[in-house]
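Structure record follows, encoded as structure tokens.
The values are calculated or read from the model by the stated rules, or taken from the named source; none is laboratory data. These numbers were taken from a predicted model, which means no experiment stands behind them. Because the Cβ atoms are built from the backbone with ideal geometry, glycine has one as well, and the counts that use them run over all protein chains shown.
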Amino acid sequence: MSSNEQAIAKTHIENISLHPKGHPLSNDLTGKAVRLAYCSGHILEQHWQADNRVLWKGVSGPLAGYDQTEAYRAFEIAKDIYLITWIEASTAASSSAPQANGPWLTDVILDFNKMQATASWMGPTNAGGTEHVLDQATMSYVECDLRY
């Protein structure tokens, strides 16, 4: 990790408080992968690796060419419906707002019953502000790339 990435990584604190009767953590996604075709034009893939790592790839749209692996947490919130969450410390991308290098906070609800997803991601802009994106996608299965 470069010194710049280390400095960026220190700009957020992860504070996790899980209730014993809350939605359980899950590793059910390991070995699966989906393509997400978002309404915004982003087409991304998520490939769930061992050890709660997700490899996400930008297939087309503003994130085309990105290929990063992040630590994630998944919660099964109903049968075949999952909330996944992770922090991207170093992603810089282009969208309607000029984005800066992370941290990017990402949460996605994956509904394997309807093959639909709702994603929320938030991170800094080059102007010193914060961009929040809320986007929805249709999902389709793809072959899992198990790199990690």
Show the residue pairs meeting these rules: Cβ distance below 8 Å; 6+ apart or different chains; first residue within region 110-137 and closer than 18 Å to LEU44 by Cβ and touching a residue at least 24 places away in the same chain (Cβ under 8 Å); second residue of a type in the set (A, V, I, L, M) and exposed (fewer than 14 other Cβ atoms within 10 Å of the Cβ).
ALA119/LEU134
Among residues of region 138-148 being of a type outside the set (D, E, K, R) and either in a loop (DSSP other than H, G, I, E, B) or more than 16 Å from the chain's Cα centre (by Cα) (or both), the residue modelled with the lowest pLDDT is TYR148
Determine if region 1-20 includes at least one residue that is outside any loop (DSSP other than H, G, I, E, B) and modelled with pLDDT of 75 or more.
no
Here's a check for you: in region 19-64, which residue that is closer than 22 Å to PHE75 by Cα and among the β-branched types (Val, Ile, Thr) is surrounded by the fewest Cβ atoms within 10 Å (Cβ to Cβ)?
THR30
Among the residues of region 113-137, write down those that are modelled with pLDDT under 90 and either touching a Lys or Arg at 6+ places or on another chain (Cβ under 6 Å) or assigned to a strand (DSSP E or B) (or both).
GLY123, PRO124, THR125, THR130, GLU131
ALA78 versus (1) surrounded by fewer than 19 Cβ atoms within 10 Å (Cβ to Cβ); (2) touching a strand residue (DSSP E or B) at 6+ places or on another chain (Cβ under 8 Å); (3) at pLDDT 85 or above: which is the lone unmet condition?
(2)
If you scan region 27-54, which residues turn out to be of a type in the set (Ser, Thr, Tyr) and at pLDDT 95 or above?
THR30, TYR38
Suppose we filter region 46-92 for residues that are closer than 21 Å to SER17 by Cβ and touching a helix residue (DSSP H, G or I) at 6+ places or on another chain (Cβ under 8 Å); how many remain?
0
